[in-house]
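This report concerns only the one structure given below.
The values are calculated or read from the model by the stated rules, or taken from the named source; none is laboratory data. All figures in this text were calculated on a predicted structure; none of them were measured in a lab. We place every Cβ from the backbone using ideal geometry, glycine too, and count neighbours over all the protein chains shown.
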Amino acid sequence: MFLPEEGGRDGITLVNLWKDWPKVYAEVCVLGSARSGVPARGSTEIQLPDDTVFHEMLPPIHGKVFMVTNLGYTLCLDLATRSLFTLELPVGVRGNYMLSCAEDSGLYLVSADGFQLSVWLHSMLDDDNGAGWLLLDTFCVREAEACTPRAEDSWAPHDVCLDVVAVGDNADFVFLNHPASGALFYVHLRSRVVEKVYQRGADECGYKRAAAGHVRVSPVMMIWPPIFPARNMRREE
């Protein structure tokens, strides 16, 4: 379920996806804030390989919902046309990535392989599918130019991969989870600034805890310092 501020467009959007091999079906139900009647519904189907596994449904981007799979492509649902299609991932990318919106209907993909981050851009305006991905940048987070001492001290052990958990609009920043240490890192991708922003307790770290539940991050923007309304000191009658 997606709210309007999450890309749900006209109202609260409910997306139901299920498999009946070899076909995959999707149903979309939209309940607009100004509607009092029956919600708008639509359904579609597509045929996929039998060994396809769905990992995670990402929030809508440019009116499209993306489902992360295990086979080097993402399943896409166009909310406006109620159509399903597949989008091939960049060469070498199989998982551990997140998507974010770009200007002019484009799509960013940020992936992690060990400590190596890669940023890709797809125009979404052509039919080249996977061939439309353009590699914009790639660098090692541990060797980033602006990696703060607090961040450098949190990398041990060095043989554990990072998980991509959230990406900002226009691939401005990314949040990375380090399961072994329980540390959460913020990376400003254009300046390559790496900062440790959160540390989980010892009972929340390690492979077993990481496998038990996926770390979720929901970035928000606000004015800092915050401005609060004046307190009303008048006694209520």
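Odds and ends about this structure:
- Some residue of segment 218-236 being surrounded by 16 or more Cβ atoms within 10 Å (Cβ to Cβ) and modelled with pLDDT of 75 or more: no
- Filtered by the rule that a residue be crowded, with 19+ Cβ neighbours inside 10 Å and farther than 27 Å from Lys23 by Cβ, segment 91-101 gives Met98, Ser100, Cys101.
- Unmet criterion (only one of (1) at pLDDT below 80; (2) out of contact with any Phe, Trp or Tyr (no Cβ under 8 Å at 6 or more places or on another chain)) for Asp172: (1)
- A single member of Gly32, Gly42, Gly7, Gly37 is under 21 Å from the mean Cα position of the chain (by Cα), outside the structural domain of Met124 (by TED's automatic domain parsing) and at pLDDT below 80, and it is Gly7.
- For segment 82-94, a residue qualifies if it is part of a loop (DSSP other than H, G, I, E, B) and in contact with a strand residue (DSSP E or B) (Cβ under 7 Å, 6 or more places away or on another chain), and the qualifying residues are Arg82, Leu89, Pro90, Val93.
- Residue match in segment 58-68 (condition: more than 22 Å from Ile12 (Cβ to Cβ) and surrounded by 18 or more Cβ atoms within 10 Å (Cβ to Cβ)): yes
- Pairs with Cβ under 6 Å, 6+ apart, first in segment 215-226 and under 21 Å from Ala183 (Cβ atoms), second of a type outside the set (D, E, K, R) and not in a loop (DSSP other than H, G, I, E, B): Val215/Val165; Val215/Asn177; Val217/Val165; Val217/Ala166; Val217/Phe175; Pro219/Ala166
- Residues in segment 182-200 that are crowded, with 19+ Cβ neighbours inside 10 Å and either of a type in the set (Ser, Thr, Tyr) or in a strand (DSSP E or B) (or both): Ala183, Leu184, Phe185, Tyr186, Val187, Val194, Lys196.
- Only listed residue being part of a strand (DSSP E or B), at pLDDT 85 or above and surrounded by 14 or more Cβ atoms within 10 Å (Cβ to Cβ), chosen from Leu77, Leu17: Leu77
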